[in-house]
Amino acid sequence: MDNNIGLFLTKRAHLNPDLEGFIDDASGARLTFGAINATCNRTANMLRQLGLAKGERVALLMLNCPEFLESFMGVAKIGGVVVPLNIRLVADELAFILRDSGAKVLIFGAEFAEVVADLSSRGADATHVEHWIYVAAPGDGGPERAPFATDYHTLQAAAPAAEPALGARDDDMLYIMYTSGTTGLPKGVVHTHTTAIWACITLAATATMEFKDRFLMMLPAYHV
């Protein structure tokens, strides 16, 4: 059996498509597992259309939101590697991580348009990012605030919701988590699909979890 963290969502959407799976307090959105899986698939296919290949990096600079989940799982399904970025870092620190990780794509939220505009203005050699994708908030004037970027929801809507071909499994890389760099420059710590899945198994084995339990996500999604 292929072990890919994205398959957890695929299977849950198959078993319980109408079960509520994500509530976004900021927007008031209440998403079912079926809906979440469909948007994750669109994001995965969107990235494939941009030419993302197995092992290529996609950096995420977002607050906790549905788009973070869509991007993480979408990248996982097609075999890309997620680089979660600490939202508190300044442009120089972000530039180092983007360059060090080799991120080809950066997906960023409206809250970070200014710092990402700074990064984009530094030129290709400063970050190596090829695709800047902007998750615009409703009515925030996305194209005007980030004219160098492509709108996330426009790209996503144009991509099919069909399940993408699985691009990674088991010990393939899933994400690179950068350390705080308190004694020097941050270092990228690699996690695989296997390590992420065993973290889920450990949680299930040590916590009292029942069907339809809900969890309050208080910690930032970019954290390990």
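For this structure, a couple of remarks:
- In the stretch 6-21, the residue that is most open to solvent (accessible area, probe 1.4 Å) out of those that are under 11 Å from GLY34 (Cβ atoms) and assigned to a helix (DSSP H, G or I) is HIS14.
- Matching residues in the stretch 166-195 - criterion: being farther than 30 Å from ASP92 by Cβ and touching a residue at least 40 places away in the same chain (Cβ under 8 Å): LEU166, GLY167, ALA168, ARG169, ASP170, ASP172, HIS193, THR194
- Residue list for the stretch 81-111, restricted to those being out of contact with any Lys or Arg (no Cβ under 7 Å at 6 or more places or on another chain) and in a loop (DSSP other than H, G, I, E, B): LEU85, ASN86, ILE87, ARG88, LEU89, VAL90
- Failed condition for ILE197, given (1) at pLDDT 90 or above; (2) surrounded by fewer than 11 Cβ atoms within 10 Å (Cβ to Cβ); (3) not in a loop (DSSP other than H, G, I, E, B): (2)
Rundown of residues vs (1) within 24 Å of GLY79 (Cβ to Cβ); (2) within 17 Å of the chain's Cα centre (by Cα); (3) among the charged types (D, E, K, R), yes/no style:
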site	(1), (2), (3)
HIS128	yes, no, no
HIS131	yes, yes, no
GLU144	no, no, yes
ALA162	yes, no, no
LEU166	yes, yes, no
MET177	yes, yes, no
LEU185	no, no, no
ALA196	yes, yes, no
LEU219	no, yes, no
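- Flag if PHE68 is surrounded by 21 or more Cβ atoms within 10 Å (Cβ to Cβ), over 16 Å from the mean Cα position of the chain (by Cα) and closer than 25 Å to ARG214 by Cα: no
- Residue within the stretch 97-117 that is touching a Pro at 6+ places or on another chain (Cβ under 7 Å) and either within 22 Å of GLU56 (Cα to Cα) or open to solvent by 70 Å² or more (accessible area, probe 1.4 Å) (or both) present: yes
The values are calculated or read from the model by the stated rules, or taken from the named source; none is laboratory data. Keep in mind the model is a prediction, meaning the values are calculated, not measured. Note: ideal-geometry Cβ built from the backbone for every residue, glycine included; neighbour counts use all protein chains shown. All accessible areas refer to the heavy atoms of the entire protein, side chains included, with ligands and DNA or RNA removed. Shrake-Rupley method; radii C 1.70, N 1.55, O 1.52, S 1.80 Å.
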